[in-house]
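Enquirer: Provided herewith is a single structure, encoded as structure tokens, for subsequent inquiry.
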Ligand SMILES: Cc1cc2nc3c(=O)[nH]c(=O)nc-3n(C[C@H](O)[C@H](O)[C@H](O)COP(=O)(O)OP(=O)(O)OC[C@H]3O[C@@H](n4cnc5c(N)ncnc54)[C@H](O)[C@@H]3O)c2cc1C
């Protein structure tokens, strides 16, 4: 039987040469030119089950993609499941919970939740998929106040490696529930996700631009200043390629209070070139992001690292404050104890790389990682070992092994 005959899905099955194959085989990264054996555009949970079972039956590698924002390897020869058509969003304003389908994007949730005075823990781009972002941890501008998105998940419906539809929650399959909240797409295909919403409507947010002359003093000041700020204030320092120092901030609360908190930092940074801080709708706050070619979580920024970052040639550098609620939760996602991360949009120079490794944890964050060989670095050793055990229980044959995957723990063979 051919794969088309086996699948019998509600949504289209696209083989090389079919109309639509070229459009739907792609990831967002233009450097990838994937050639999957077949693309399945799922329209229902039953389609997801058929796709998982079809891949197994035809011994095809399996991959799932909602938007292509987090696809870093070419799924050549695979069955690629596209979930974009399953983009439902339901908001329960009384319980402050949203339920989304696997194709939903953050923009859909922001639009659905805002009329009720609620907001999700979305990230910097409304086009990113809710499920992929959340399974990978989910670091947004509300994370210091309300935590990583993964820690706000209440329930997931999952098609597991045997093609069965399973519920994961605190009460049902709690081990799978724990692993999904930060462990990425290694444990099954999520077909519905329930997560908390928060009473956030207007925020004081944006960026203030300075010249770069006082960048070193500002970074040195920042590393102490962050110890005193409340969880409701999130900030990042950005050294731009055009020679500016930018202080990005979002404050959940009153603008005057926020300006008072930020004033010492602005004073050190020097004369303001442009003040883009405004009271805006959370859904409309355009905080931007820096492409993370180099990403490190750091314990501190010592003077040599500060000097190296300021001197980094031809790079945009972003220093971001973590902590707050992120550090108080203890889910599978991320290393919680680093107060800061450093992102460069290029490969770091040898001087910067040496300074980063001295100040850093050697860790990464799953959502900002592009190299599958470094997946373990996104987790603590303890969480990585636990994730591998759960993987071995739910997907011992590593069906969900594409991309940034957790390999199953080796099973011991009894004599
Ligand atoms: C412009 C941009 C901005 C970003 N901003 C942020 C940010 O602010 N904070 C942050 O934390 N991350 C951010 N990211 C990273 C982003 O969250 C991850 O790349 C995430 O994996 C994207 O999910 P996706 O579904 O959109 O991408 P896709 O490429 O469609 O999917 C990526 C992976 O997610 C998993 N996945 C997707 N759907 C399912 C499913 N239904 N079941 C199981 N697994 C699934 C799979 O492993 C898949 O390979 C950003 C990325 C980009 C490109």
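Enquirer: If each residue of separation counts as 0.36 nm, what is the full-extension length gain between residue 381 and residue 278 once their alpha-carbon separation is subtracted?
Expert: This chain segment gains 32.9 nm when fully extended.
Enquirer: Note the full-extension length gain between residue 124 and residue 345 as 0.36 nm times their separation in residues minus their Cα-Cα distance, in nm to one decimal.
Expert: Result for the pair: 78.0 nm of gain on full extension.
Enquirer: A further question on this structure: Could you tell me how many degrees, from 0 to 90 and to the nearest 10, lie between the Cα long axis of helix 381-394 and the main elongation axis, the longest principal axis, of the Cα atoms of the chain?
Expert: 20
Enquirer: Let me ask something additional. How high is the relative contact order of the chain, given as a whole-number percent (alpha carbon pairs under 8 Å, six or more residues apart)?
Expert: Over the chain, the number comes to 14 percent.
Enquirer: A further question on this structure: State, as an integer percentage, the relative contact order of the range 202-368 based on alpha-carbon contacts under 8 Å between residues 6 or more apart.
Expert: Across the range 202-368, relative contact order equals 29 percent.
Enquirer: Distance from a point 7 Å along Cα→Cβ of residue 389 to each backbone N in the range 159-202: keep the residues under 13 Å and list them by number.
Expert: 175-176, 179
Enquirer: Compute and list, largest first, the equivalent-ellipsoid semi-axes of the range 85-147 from the alpha carbon gyration tensor, each √(5λ) rounded to a whole angstrom.
Expert: Numbers: eigenvalues 52, 48, 19 Å².
For the range 85-147, the ellipsoid semi-axes come out as 16, 16, 10 Å.
Enquirer: Another question, if that's okay. Mind telling me which of 14, 233, 387 comes out most flexible in a GNM of the chain, alpha-carbon contacts under 10 Å?
Expert: For the chain, modelled as a Gaussian network with Cα springs under 10 Å, the answer is 14.
Enquirer: Between residue 58 and residue 256, what FRET efficiency follows from the Cβ-Cβ distance if R0 is 56 Å, with the result rounded to 0.05?
Expert: 0.35
Enquirer: Be a star and scan the range 302-317 for residues whose amide nitrogen sits under 14 Å from the point 7 Å along the Cα-to-Cβ vector of residue 227.
Expert: 302
Enquirer: For a quick check, take a GNM of the chain with Cα springs below 10 Å and name the residue from 351, 160, 294 with the largest mean-square fluctuation.
Expert: Checking each option, the largest mean-square fluctuation is seen for 351.
Enquirer: In nm, what is the difference between 0.36 nm times the number of residues separating residue 244 and residue 171 and their Cα-Cα distance?
Expert: Gain in length upon complete extension: 21.2 nm.
Enquirer: Mind giving me the FRET efficiency for residue 330 and residue 72? R0 is 30 Å, r the Cβ-Cβ distance, nearest 0.05 is fine.
Expert: Numbers: r = 27 Å, r/R0 = 0.91.
Efficiency computed from Cβ-Cβ geometry: 0.65.
Enquirer: At 7 Å along Cα-to-Cβ for each site, give me the label-to-label distance between residue 214 and residue 373 in nm.
Expert: Spacing of the two 7 Å Cα→Cβ label points: 4.4 nm.
Enquirer: Continuing with the same structure: Return one number: the angle in degrees, 0 to 90 and rounded to the nearest 10, between the long axis of the Cα atoms of helix 255-269 and the longest principal axis of the Cα atoms of the chain.
Expert: The angle comes out at about 70 degrees.
Enquirer: Moving on. Please report the antiparallel percentage of DSSP beta bridges with both residues in the chain, rounded to the nearest 5. Walk me through the intermediate numbers first.
Expert: Working: 60 of 68 bridges.
Antiparallel bridges: around 90 percent, rounded to the nearest 5.
Enquirer: I've got another one for you. How far is helix 174-183 tilted off the main Cα axis of the chain, in degrees rounded to 10, range 0 to 90?
Expert: 60
Enquirer: Relative contact order, percent, of the range 147-241 when contacts are C-alpha pairs under 8 Å separated by at least 6 residues? All intermediate terms of the calculation are to be shown ahead of the outcome.
Expert: Numbers: 74 pairs, mean separation 24.1, N = 95.
Computed value for the range 147-241: 25 percent relative contact order.
Enquirer: P(r) for the chain, please, calculated from all Cα pair distances in 20 Å bins and given in %.
Expert: Going from the shortest bin to the longest, the percentages are 27, 55, 18, 1.
Read-outs throughout are calculated quantities, based only on the coordinates presented, and are distinct from any laboratory measurement. All values derive from a computational prediction rather than experimental measurement. Positions of Cβ are backbone-derived with ideal geometry, glycine not excepted, and every protein chain shown enters the neighbour counts.
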